[in-house]
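Below is one structure, written out as structure tokens; the observations come after it.
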Amino acid sequence: MKRFFNVFGIVCLLWFSFFYSERTALVVSETSSIMIQIKEYADSYKNDPVDALIDEDSIIPGIAGNVVDINKSYKAIQNTLKGRLFADDNQFELSLGLFTELDGENACHIYVLPENEAGDFFDMRQAETL
């Protein structure tokens, strides 16, 4: 009976860790500035479907309509950045930090740096030396 509870406890712990990891990844992607922008613009690209009309001797074709697949768009943007800005190393994850400032400058500054230099980067941004 003790072995049953040990195995049950391990299975519960594994299930909880997978569940928690998935939820954490979901929260991170939902609060990403890329995801927020995609959601803001998704409705402007949505087209409602229209049924075809049959009018005596003619048929007026309908419109299938379209909807933006938010998750697919998010992955496509990450894959585009991986292919263009970074060498694609066939990994499934790309950590990306986006910082937005409205400064009137019509430009986008992209910094690519190793993970071990992130602390220095944030210090320089905070001191406004970048």
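Here, each number is a calculation from the coordinates, and none is a lab measurement. Because the structure is predicted, anything quoted here is derived from the model rather than measured. Cβ sites come from the backbone with ideal geometry, for glycine too, and all protein chains shown count toward neighbours.
Brief remarks on what is shown
- Mean projected area of the Cα convex hull of segment 1-79, taken over all directions, amounts to 10.3 nm².
- Take each peptide in 53-65, 113-125, count the other Cβ atoms within 10 Å of every residue, and average; sorted highest first, the result is 113-125, 53-65.
- 3J(HN,Hα) couplings calculated from phi for segment 36-42 with the Karplus curve 6.51 cos²θ - 1.76 cosθ + 1.60 (θ = phi - 60°) are, in sequence order, 4, 5, 4, 5, 5, 8, 4 Hz; Gly and Pro show x.
- Two-site label geometry, Asn116 and Gln37: point separation in nm, points 7 Å out along Cα→Cβ: 3.1
- Ser21/Ile63 FRET efficiency (R0 35 Å; Cβ-Cβ; nearest 0.05): 0.25
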